[in-house]
1. Scan region 351-365 and give yes if some residue there is within 21 Å of residue 143 (Cβ to Cβ), touching a helix residue (DSSP H, G or I) at 6+ places or on another chain (Cβ under 9 Å) and either touching a residue at least 12 places away in the same chain (Cβ under 8 Å) or buried (at least 24 other Cβ atoms within 10 Å of the Cβ) (or both), otherwise no.
2. Condition test on residue 97, is it more than 19 Å from residue 374 (Cα to Cα) and either outside any loop (DSSP other than H, G, I, E, B) or modelled with pLDDT of 95 or more (or both)?
3. Can you find a residue in region 121-136 that is part of a loop (DSSP other than H, G, I, E, B), touching a residue at least 60 places away in the same chain (Cβ under 8 Å), in contact with a helix residue (DSSP H, G or I) (Cβ under 8 Å, 6 or more places away or on another chain) and surrounded by fewer than 18 Cβ atoms within 10 Å (Cβ to Cβ)?
4. Out of all the residues in region 388-398, is one or more more than 22 Å from the chain's Cα centre (by Cα), outside any strand (DSSP E or B) and closer than 18 Å to residue 69 by Cβ?
5. If you take the residues of region 436-472 that are touching a strand residue (DSSP E or B) at 6+ places or on another chain (Cβ under 9 Å) and at positive phi, which of them is surrounded by the most Cβ atoms within 10 Å (Cβ to Cβ)?
6. Take region 180-221 and flag every residue that is in contact with a helix residue (DSSP H, G or I) (Cβ under 8 Å, 6 or more places away or on another chain) and in a helix (DSSP H, G or I).
7. Applying the selection to region 100-120, what residues are without any contact (Cβ under 8 Å) to a residue 60 or more places away in the chain, buried (at least 19 other Cβ atoms within 10 Å of the Cβ) and part of a loop (DSSP other than H, G, I, E, B)?
8. Could you tell me how many of the residues in region 245-299 are within 25 Å of the chain's Cα centre (by Cα) and outside any helix (DSSP H, G or I)?
């Protein structure tokens, strides 16, 4: 039954108004996906970065043991954290019931690196060798004190699940640079861990589903169910998709549902990926001198080293946002025993990625980011002994580094106090980080918005400032 025009809803009105244009737009959508995702009216400017490789260290790295040396902690090892330093900060339930919070000096040495003598841990010799390419931020801070909301905050700009991930926002705002590969790809290091990583961290939230990250898995089939089943040839698959698209177009004309358009686009992308993904993920043609950059694990599928090389190959082929997750950094206990192995897993691959991008002339327009969801406490969680200690979650300050893509190389931004507990200068909030990433990609973070449930949303929500001191 036809709806009475006097009672037609605003949404239905605009849906019908766009129905005639929808068919034409759908053809354009399938023919040219480069601009398909770009929202109209976003004021832009010359980008410094064309693509992003984000190395996410899930669990929270210990900045005092890796990037932010604190000699005072060694001098006062075992003493109680002064109340004046803590300042009444809330603690997690894991250390909040301790009668004393003993300061824990790092067991690891630091060394001068690069032209400016930037001191970082000797656990990261390869990273130290490329420190002149990095912008080391020692003054990151966040609002969340537990993993789930903290990871969600870093990935989506909100502690509450359901918002689009940063890669989805970038795809929505800038579109794709390769019609045969996803604009947003996710790679997860394959290793045993008690800390889950969940697909909503790279989900599209309330944005169209075409903007969500596509996870590539190690092994023969990088994308599950992408290859044709036994007995199905390419011609048969093409015919099936054509008939399915025709049926979906009929549904679109009846329903005016944008997700139907997305479904057609995604089916077509999957068809093209049957050829493009195997080519992009096959490293057999990589010369030995390139493999050597990433370290001995590079030819083992699913390792962080292998994923770093895959990230370079995907970036080279026009994938705009590549997210790598390396879990296991939640060092609540036995940190001196566990941290060296974690550092060795990522140290050479990170440095190799920087060198590989630079030798190809790609570092100048590729933004590389590395860090976790928060830092670790300067005091020991649990008993402190001569042999071992652990560190709890610490949102007040932590370290990250960035490289390439318009960031100043060879600098240190921000500082923390002698206890490594509070920021003393150059604080960078999570929203500031996101605003800066978008700025480097040529997008004003205040203008990249999406209207949903009665208001305009953006990655940086209602605040966030570009950290101009780190811009080249």
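The values are calculated or read from the model by the stated rules, or taken from the named source; none is laboratory data. Note that the coordinates shown come from a computational prediction; the quantities given were computed from them, not determined experimentally. Heads up, the Cβs are rebuilt from the backbone with ideal geometry, glycines too, and the neighbour counts pull from every protein chain shown.
1. Checking region 351-365: not a single residue is within 21 Å of residue 143 (Cβ to Cβ), touching a helix residue (DSSP H, G or I) at 6+ places or on another chain (Cβ under 9 Å) and either touching a residue at least 12 places away in the same chain (Cβ under 8 Å) or buried (at least 24 other Cβ atoms within 10 Å of the Cβ) (or both).
2. Against the criterion (more than 19 Å from residue 374 (Cα to Cα) and either outside any loop (DSSP other than H, G, I, E, B) or modelled with pLDDT of 95 or more (or both)), residue 97 does not qualify.
3. no
4. Yes, some residue in region 388-398 is more than 22 Å from the chain's Cα centre (by Cα), outside any strand (DSSP E or B) and closer than 18 Å to residue 69 by Cβ.
5. 464
6. 200, 201, 202, 209, 210, 211
7. Those that are without any contact (Cβ under 8 Å) to a residue 60 or more places away in the chain, buried (at least 19 other Cβ atoms within 10 Å of the Cβ) and part of a loop (DSSP other than H, G, I, E, B): 105, 106.
8. 7
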